[in-house]
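Written out below as structure tokens is the structure these notes cover.
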Amino acid sequence: MISTGHQPSCVPQCEPESPATLASETKNANATPAGELEVLSTLLTALTALERSNVECCYWRSSRRLPAVLLGESDLDLLVAKSDQHRAAQALLGSGLKRFEPSNCHGHPAVQSFLGYDEPSGRIVHLHLHFRLVVGEPILRNYQPPWERLFLASAIRHPALPLRMLDPASEALLLVVRASLELRRRDPIVFRHWQRLQENFELDRLHVALRVDRHSFRDLAAKLVNKDLAEAIAKELFETQTFMARRRLHARIRKELAAYRTYNGLEAVLRGIGRVFLWTAGSLNKQFLHVPRPWSRRTPGSGMVVAVVGIDGSGKTTLVTAIRQWLESEVDVLPIYFGTGGGRPSLLLLPFKLLVPTVTRALGTKPAGSSHGTVTDSSPDPLYSILLAVWASVLSVEKRMKLVAARRGADRGMIVVADRFPQDQIIDFNDAPLLPRLAKVPAWLRRFEASSYALARRLPPDLVIKLQATPEVIMTREPDMDPLVVRRRVPALQQLTFGGTMVVNLDAGQPLADVIGSAKAAIWQML
């Protein structure tokens, strides 16, 4: 029985499991009882499309992990007959999936990646089409044994899904071969997850060993490698080996398959070093630097800038965080914060921002027009005017830098998620120029600040998600905000158009899950 309530993704991917995938190897709490199979509707649609298009393919990873894959916790890897590659791609595109190209050197000519959004579960599902058996260390898949035809010919049909799988003997042989080629500590990804990867391979071995006949397994192995090695591989599968015995066997397998290497030993080492460098740089960029450089996977047809706007208390930062968590495991995401609150400031703004609490305490009150703190009806005094002019000038430079970075990131295929966005349509409102609040400011300084907001009009976002909320909701979430400012800004937010950019209005007062789901659907539709 197939259920499409909370449905599946499918198979582990060409790359090694990510930390999130490795952490989710335990059984899902929402798994259905035995006898009932739960499948993500997006994946079921894709598999059905492949079957109807008569695409010869099979799932070629561990059958033990298939239930987790079907719950969307890992990627679906399909081995596809090379003659059917174009038909397979057309079938997946026709079923609603989108093809995403890898950045830099992460891709392989024999592997294509497709992503789909499963709206009921809120997951992005990831499907790989493999036209060759590409195996080896995660940082550099350097082996391509020509066994595709044999494995496809012997594949067996899943009892409940429109899906074929490796027969137990083929699965067992490929498992031992993959373990010998992938489990090498010199690879930084393997080194980082060494214990977990070893445990996973051991569980896979125990699972498949119970389902395969030793004689048929040895016969299959003898067709693909020499007989002595075939016997040793059978012993590895059915018996627990010492560390040294396993290490010697893995070395023999690598030597036997050396003819199937894409690169010779020296070139493989040099390419591996280069990819380690890029992998490290990409990880640092993703965690700390946030430079507009793609490092993993780019969006089809160029990237996009998504701006989340709303008055304080509408949930902008919460929504931006949810969008990032949803996207960044699969595609390159560049987060940008255009505000001055709790978000990440630029190095230019950071020292000024650190002084804000001290200056605020020293001033005591704020003049008319401020939204937070103790607000008076008086006009800004000279000291406050000077400080605000300096602050506005620094902000102007920072916004210009971030606007350029956002557009460059999108042009390079990244999804830029902006918390707020500069605008000068409504003065004295969300992320508008600050100097109009002051009466005596040099004209050149006003022009300097205005130039950044003019640049925002020239580099508008591709999608604006506008969070609307009632004054009562905002004042509940932001009790320190001036009620008069709240009542003035709530209706004013509706007037912001951002120059004709696609705008999606969401009710920020509804349950958070509904807000996040609507935002995800809007973003995916634009990709």
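Structural remarks
- nm² value of the averaged projected area, convex hull over the Cα atoms of region 23-167: 9.1
- Within the chain, longest stretch free of exposed GluC sites (Glu not before Pro) [DSSP loop, at most 12 other beta carbons within 10 Å]: 240-527
- Near the amide H of VAL503, within less than 5 Å, lie the amide hydrogens of VAL464, all on another chain or at least 5 residues away, with H placed in the peptide plane.
- Computed from backbone phi, the HN-Hα couplings of region 515-527 come to 4, 5, x, 5, 5, 4, 4, 5, 5, 5, 5, 7, 6 Hz, rounded to whole numbers (Karplus: 6.51 cos²θ - 1.76 cosθ + 1.60, θ = phi - 60°; Gly and Pro given as x).
- Residues with amide H under 5 Å from that of ARG164, placed H, sequence gap 5 or more: TYR59, HIS158
- Percent RCO, i.e. relative contact order, over region 256-357, from Cα pairs under 8 Å lying at least 6 residues apart: 23
- The charge dipole of the chain, taken about its Cα centre with unit charges on the Cβ atoms of Lys, Arg (+1), Asp and Glu (-1) only, comes to about 1500 debye.
- Per-residue SASA entry for THR299, accessible area with 1.4 Å probe, Å² rounded to 10: 10
- Table column - 3J(HN,Hα) (Hz), region 160-171, Karplus curve with 6.51, -1.76, 1.60, x for Gly and Pro: 10, 10, x, 8, 9, 10, 4, 5, x, 5, 5, 4
- Relative contact order computed over region 399-478 (Cα-Cα under 8 Å; 6+ residues apart), in percent: 27
- Accessible area, probe 1.4 Å, largest first, for residues LEU224, LEU76: LEU224, LEU76
- Remark: relative contact order (the chain) = 13 percent; criterion is Cα-Cα distance under 8 angstrom and separation of 6 or more residues.
- Heavy-atom accessible surface of VAL503, to the nearest 10 Å², is about 40 Å², with a 1.4 Å probe and all protein chains retained.
- Mean accessible surface per residue for the chain, computed with a 1.4 Å probe while every protein chain stays in place, in Å²: 46
- Amide hydrogen proximity for GLU38: with H placed 1.01 Å from N in the peptide plane, the residues at 5 or more positions away or on another chain lying under 5 Å are SER3, THR32.
- Per-residue ³J(HN,Hα) for region 87-92, Karplus 6.51 cos²θ - 1.76 cosθ + 1.60, θ = phi - 60°, Hz, x for Gly and Pro: 5, 5, 4, 5, 5, 5
- Heavy-atom accessible surface of region 182-299: percent carbon and sulfur, 1.4 Å: 56
- For region 409-462, the Kirkwood estimate of hydrodynamic radius, built from reciprocal distances between every pair of different alpha carbons, is 12.6 Å.
- 32 Å Cα-Cα threshold exceeded, pairs from LYS286/LYS466; LYS316/LYS366; LYS82/LYS255; LYS98/LYS223: LYS98/LYS223
- Evaluated with a Cβ-only charge set (Lys, Arg +1; Asp, Glu -1), region 402-460 carries a dipole of roughly 220 debye about its Cα centre, given to the nearest 20.
- 10 Å Cβ shell holding at most 11 others, DSSP loop, trypsin sites (Lys or Arg not before Pro): longest site-free stretch of the chain: 187-439
- Computed helical MRE - 222 nm, the chain, DSSP H runs ≥ 4 contributing -39500 (n - 2.57), nearest 500: -14000 deg cm²/dmol
- Surface accessible to a 1.4 Å probe, ASP377 within the full protein complex, Å²: 150
- Prolate/oblate/rounded label for region 411-527 (Cα gyration tensor, a/c 1.5): oblate
- For the pair ARG458 and SER329, the difference between a 0.36 nm per residue extended length and the Cα-Cα distance amounts to 43.4 nm.
The values are calculated or read from the model by the stated rules, or taken from the named source; none is laboratory data. Keep in mind the model is a prediction, meaning the values are calculated, not measured. Cβ coordinates were reconstructed from backbone atoms using ideal geometry, including for glycine residues, and neighbour counts include every protein chain displayed. Ligands, DNA and RNA are excluded from the accessible area calculation, which covers all protein heavy atoms including side chains. Shrake-Rupley method; radii C 1.70, N 1.55, O 1.52, S 1.80 Å.
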